[in-house]
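Scroll down for the structure; my scribbles are underneath it.
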Amino acid sequence: MSSSSIIKNALISVSEKTNILAIAKILIKNKINLFSTGGTAQTLKKNNIPVIEIADYTKFPEIMNGRVKTLHPKIMGGILRRGDEDEDIMKLYNIHPIDIVIVNFYPFKNIQNTPKNNIDDIINNIDIGGPTLVRAAAKNYKHVIVIVDLRDVFSIINSINKNSMNIETRFNLASKAFQYTLSYEKIISKYFVEKNSFKKTHINNLFPKKINFSFIKKQDLRYGENHHQKASFYIEKNLSQTGTVSNAHQIQGKTLSYNNIADADVALECVKEFSKPACVIVKHGNPCGVAISSNLLESYLLAYHADPVSAFGGIIAFNGILDEKIAEKIVTNHFVEVIIVPEINTFAIKILQKKENIRVLITGKLNKKQSGLDFKRTTNGLLVQEYDSCKIDYKSWNFVTKRSPTEQELQDSIFCWKVSKFVKSNAIVYGRNTVTIGIGAGQMSRIDSTKLANLKVKNQSHNIIGATMASDAFFPFRDGVDSAASVGISCIIQPGGSIRDKEIIQAANEHNITMIFTNKRHFKH
């Protein structure tokens, strides 16, 4: 073992000091010298832990009220030395090798959110030395162990004891360190963009000139859209919001695939639209059965029987607690790939374990997404838009036909309009008594989507008389209205805005159909 591989010295400079005393004692026990800065050094000294202050080691005081303390050649040289290659220069200038760097930064995120702080207080809490130390240590990971999360010390202490830290662990710690510095810089950058007095008109601009992402890998997936494609799932760093696929916890079943997650996201976001007990079943990116009722069991049965053929191998989402009665029905009725719920009881878990391949995801409390950005990747590009979160206000809708909707037709219109937002364009949704009975999705012409919805109704022998139809965009011709009327649709909800609106309204009046214009569309590509 070369002299450069022996762990002798650690530099500690932390703002968040949780566990720092325990960590310092562990290092001292392993005969590792501690170097530290003002605040951290004082904490260690008060607890009778021997520590060498940086100012004593460099023979240069902390200056400018602590702004300059660690940025010194003896510190940077100790971190950046190249093993035995720099031994002569280190002896010449009496530089000690620093083998471990344990650093976390001033809490800029917390400081900027404190109302009493002015901009000068906030800027003073931008850490300069900390990120420099971390980046230097991470760059030199082959010779320096860098730790930005104090909990990591406890998992690697055996390696430190034996001076046997492997290169893979060192690399992973360095990777974590660079992610930490990136996240820190993003928080500061965002603050400056929002506070830029020269760009006040753009503070509320959703679309900055440059977008940086910070996602961390949650898991490797079974495969991508197809078996020959590898895939992984990445989620936003520091994710705190509950009720999403990203923070869901899998309690049983096979490893998730790319399509499982994509479909589960559609199912979950759709079921969030409803406050009453609801069930959504999704297959290949589209809802195939949606129902709301007085209880979740009935909602499931209604959603399943809306289109049991398509529901085979689908994804089921609920907006309430999954109990043993629902679990028993699913196990008896239904081959299902994924169940995603906010909560599940212990009896239901035991029942679902009979089908050990069913993936069960628990999300915690559901929170409907109200705003934010939506992204779609193109080759060498990125499309960015606002999330489609417009609230339904039926009082702003236009009732354009001679006959006004009944109370049930209005309720079904609201229901079908909500569902249409999650169906691929061209989208046609038939619903009756807040249950979907036919969905036509993803066709190149609206009339074909209507015919597909008609076929679904016919195949399942649903009662469509008095049902409602939702169209995600306007009707370019009256043929869609005529086709819907031929099977018994009595109410149509659509955005309006076609050059043939008068003709479309006339067709609805001829069939005694009530028609509603929402003045907003729900294309989903």
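The values are calculated or read from the model by the stated rules, or taken from the named source; none is laboratory data. In this text the structure is predicted, and so the values were computed from the model without any measurement. Every residue, glycine as well, gets a Cβ built from its backbone with ideal geometry; the counts of neighbours run over all protein chains shown.
At a glance:
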read-out	value
LEU383, sole failed condition from (1) surrounded by fewer than 13 Cβ atoms within 10 Å (Cβ to Cβ); (2) not in a strand (DSSP E or B)	(2)
Test: residue in the stretch 387-395 that is among the hydrophobic types (A, V, I, L, M, F, W, C), surrounded by 11 or more Cβ atoms within 10 Å (Cβ to Cβ) and part of a helix (DSSP H, G or I)	no
Single match in ALA267, ALA262 (criterion: assigned to a helix (DSSP H, G or I), in the same structural domain as GLN250 (by TED's automatic domain parsing) and without any contact (Cβ under 8 Å) to a residue 24 or more places away in the chain)	ALA262
Residue that is among the small types (Gly, Ala, Ser), under 25 Å from ASP149 (Cα atoms), assigned to a helix (DSSP H, G or I) and touching a residue at least 60 places away in the same chain (Cβ under 8 Å), where the choices are GLY78, GLY39	GLY78
Filter result (more than 23 Å from ASN345 (Cβ to Cβ), touching a residue at least 12 places away in the same chain (Cβ under 8 Å) and under 16 Å from the mean Cα position of the chain (by Cα)) within the stretch 227-255	SER232, PHE233, TYR234, ILE235, GLU236, LYS237, ASN238, GLN241, SER246
Any hit, the stretch 413-431, residues being free of Cβ contacts under 8 Å to residues at least 40 places away in the same chain, surrounded by fewer than 24 Cβ atoms within 10 Å (Cβ to Cβ) and more than 33 Å from the chain's Cα centre (by Cα)	no
Verdict on ILE211 being closer than 26 Å to HIS525 by Cα, modelled with pLDDT under 95 and either touching a strand residue (DSSP E or B) at 6+ places or on another chain (Cβ under 8 Å) or acidic (Asp, Glu) (or both)	yes
Boolean, GLY440 is crowded, with 20+ Cβ neighbours inside 10 Å, in contact with a Ser or Thr (Cβ under 6 Å, 6 or more places away or on another chain) and without any contact (Cβ under 8 Å) to a residue 24 or more places away in the chain	yes
Where a residue in the stretch 498-521 is in contact (Cβ under 8 Å) with a residue 12 or more places away in the chain and part of a strand (DSSP E or B) and its partner, wherever it lies, is surrounded by 14 or more Cβ atoms within 10 Å (Cβ to Cβ) and hydroxyl-bearing (Ser, Thr, Tyr), with Cβ under 6 Å and at least six apart	THR514/THR401; MET515/THR401; ILE516/SER413
Qualifying residue in the stretch 87-101 (condition: more than 18 Å from LYS176 (Cα to Cα) and in contact with a Phe, Trp or Tyr (Cβ under 6 Å, 6 or more places away or on another chain))	no
Residue within the stretch 447-459 that is in the same structural domain as ASN398 (by TED's automatic domain parsing) and in a loop (DSSP other than H, G, I, E, B) present	no
Among (1) surrounded by fewer than 19 Cβ atoms within 10 Å (Cβ to Cβ); (2) over 36 Å from the mean Cα position of the chain (by Cα); (3) touching a residue at least 12 places away in the same chain (Cβ under 8 Å); (4) over 26 Å from ASP307 (Cα atoms), the one test that ASP479 misses	(4)
Number of positions in the stretch 57-101 that are in contact with a Gly (Cβ under 9 Å, 6 or more places away or on another chain), surrounded by fewer than 16 Cβ atoms within 10 Å (Cβ to Cβ) and at pLDDT below 85	4
Count of the stretch 370-405 residues which are closer than 16 Å to PHE207 by Cα and of a type in the set (Val, Ile, Thr)	1
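The rows are residues; the columns are (1) buried (at least 21 other Cβ atoms within 10 Å of the Cβ); (2) in contact with a Pro (Cβ under 7 Å, 6 or more places away or on another chain); (3) on the phi > 0 side of the Ramachandran plot; (4) not hydrophobic (A, V, I, L, M, F, W, C).
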| site | (1), (2), (3), (4) |
| --- | --- |
| ALA262 | no, no, no, no |
| VAL271 | yes, no, no, no |
| SER275 | no, no, no, yes |
| ALA278 | yes, no, no, no |
| PRO287 | yes, no, no, yes |
| ASN295 | no, yes, no, yes |
| GLU298 | no, no, no, yes |
